[in-house]
Amino acid sequence: GYYEPLRGRDPARAAALVMGMIDWTEVGDQQRRSCAAYLTDALAVQAAAPGDGQVPLLDDLVRLLTPDGLRDRATLIPGYHPRRDVLTDRASVSASLLQADPAITAAPAAQFPVLRASALGHWLQPAAPGAPRVSLGQTIRERGVTLFSIDRGAHGDSAGMIAGLVAADLTAVCGELLEMSVSGDSLAWFNGCEVLGH
């Protein structure tokens, strides 16, 4: 099934999902924090000025991982948007910081195109009409079952990235239910959880 958990999410929560799927092995803490802040701003601008709904969100996000890409999208925020001025200012600051230090978004900018080009990455896009779509929130609400078969031996780093995304998505869904005081009794089984961060 097609799986695109970033779409429609609050920008800060969507940024947390993105952060959960990136391999940070070679990245320092300061750069990671700067990337999280940049992603939050980029996803907020993306939500305020959405692109083509048929374009995979990760592909669209890659375009925003450059100073010019973020600035250009910010100009498309409609004038009636209640936070237009705030988002435009934040986008300008983030773009300037990225221009001064391109390493801020180097990890996602390098990893996302490789992921999307992989066999598993094909499923990280909007579902065609009538095609199966995976939603962990829906699975939990309906007391259903979802299986992700993402063998790292067969799929390499893309399997680890999607496993990280699934874990972050599941954690976010459970957190959202907790905020609404909705109890749940779900089981999540990760076989080979060494690919996941703590």
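The values are calculated or read from the model by the stated rules, or taken from the named source; none is laboratory data. Given the structure is predicted, the values throughout are model-derived calculations rather than measurements. Note: ideal-geometry Cβ built from the backbone for every residue, glycine included; neighbour counts use all protein chains shown. Please note that ligands, DNA and RNA were not included when accessible areas were found on the heavy atoms of the full protein model with its side chains. Shrake-Rupley method; radii C 1.70, N 1.55, O 1.52, S 1.80 Å.
Hey, can you grab everything whose amide H is under 5 Å from the amide H of Arg133? Only 5+ residues off in sequence or another chain; H modelled, so Pro and N-termini drop out.
Close amide H contacts, sequence-distant or interchain: Tyr2.
Mind checking the per residue accessible area of the chain for me, 1.4 Å probe, whole number of Å²? Numbers along the way, then the final one.
On the way: 11090 Å² over 198 residues.
Computed with neighbouring chains in place, this is 56 Å² per residue.
So the label point goes 7 Å from the Cα of Phe148 along Cα→C-beta, right? Which residues of region 22-47 then have their backbone N under 16 Å from it?
Only 22-24 pass the distance filter.
To the nearest 0.05, how large is the calculated FRET efficiency for Arg141 and Gln54 if R₀ is 22 Å and r is the Cβ-Cβ distance?
Working: r = 26 Å, r/R0 = 1.19.
Efficiency, from the Cβ-Cβ distance: 0.25.
7 Å from Cα along Cα→Cβ at both Ala128 and Ala106: what's the point-to-point distance in nm?
3.9
Run the simple label-point estimate for Leu97 and Arg7 please: 7 Å along Cα→C-beta, distance reported in nm.
So the label points at Leu97 and Arg7 sit 2.9 nm apart.
Magnitude of the Cβ-charge dipole of the chain, K/R +1 and D/E -1, about the Cα centre, nearest 20 debye?
340
May I ask for log10 I(q)/I(0) of region 45-120 at q = 0.16, 0.18, 0.22 Å⁻¹, from a Debye sum over the Cα atoms as equal point scatterers with solvent left out?
So the normalised log intensities work out to -0.61, -0.75, -1.01.
Could you look at the chain and say what percent of its accessible area is carbon and sulfur, using a 1.4 Å probe and all protein chains?
Numbers: 6110 of 11090 Å².
Reported share for carbon and sulfur atoms: 55 percent.
Going through the DSSP H helices of the chain, which span 27 Å or more along their own axis at the Cα atoms while scoring at least -0.5 as a mean Kyte-Doolittle hydropathy? Before the final figure, lay out the partial values.
Working: long enough: 29-48 (29 Å, -0.21); 157-179 (33 Å, 1.08).
Taking the DSSP H segments of the chain (at least 27 Å long, mean hydropathy at least -0.5), we get 29-48, 157-179.
Give, in nm to one decimal, the length gained when the segment between Ala117 and Thr75 is fully stretched (0.36 nm per residue of separation minus the Cα-Cα distance). Write down the numbers at each step before the final one.
Details: separation 42, 0.36 × 42 = 15.12 nm, distance 2.95 nm.
Extending this stretch completely gives an extra 12.2 nm.
For region 91-198, which chymotrypsin sites (Phe, Trp or Tyr not before Pro) pass both filters: DSSP loop (anything but H, G, I, E, B) and at most 14 other C-beta atoms within 10 Å? Could the numbers behind the result be given before it?
On the way: sites: Trp123, Phe148, Trp189, Phe190; in loops: Phe148, Trp189, Phe190.
Loop-located and lightly packed - Trp189, Phe190.
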